[in-house]
Amino acid sequence: MLIGEYEHSMDSKGRLIMPAKLREDIGEKFIVTKGLDGCLFAFSLAEWTNFEQKLRTLPISNKDARLFTRFFLSRSY
């Protein structure tokens, strides 16, 4: 799990330039999604799989649980 605050910059094409330390820790392939409080959340593939499994345990009969799940899954890349 990555913890902390990372400074980033964007290139002229709007691409995120990630610090080398972050790239080393997260791996070559990873998932980025809109997070809470205006932040981006980045997950290694293993962490994303774990997060998805936790989201699947939320009750689909609960509207807030569905909205929470949709919030993360609909914005992940």
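Every read-out reported here was derived from the displayed coordinates using simple, explicitly stated rules and does not represent laboratory data. Note that the structure is predicted; figures quoted are calculated from it, not measured. Note that we place each Cβ from the backbone using ideal geometry, even for glycine, and neighbour counts take in every protein chain shown.
Data overview
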read-out	value
Estimated FRET transfer efficiency when R0 is 35 angstrom, pair residue 64-residue 5 (beta carbons, to 0.05)	0.80
GNM result for the chain, Cα springs below 10 Å: residue of 20, 46, 65 fluctuating most strongly	20
Size of electric dipole in the chain: Cβ of Lys, Arg +1 and of Asp, Glu -1, about Cα centre, debye, nearest 20	440
On Cα atoms only, tilt of 45-56 relative to the major axis of the chain in degrees	20
Exposed-site-free run, longest, the chain (rule: trypsin sites (Lys or Arg not before Pro); DSSP loop; at most 16 other C-beta within 10 Å)	30-74
The chain - mean residue ellipticity at 222 nm from DSSP helices (-39,500 (n - 2.57) per run, n ≥ 4, rounded to 500)	-11500 deg cm²/dmol
Principal-axis tilt of helix 63-73 within the chain, Cα atoms, nearest 10 degrees	30
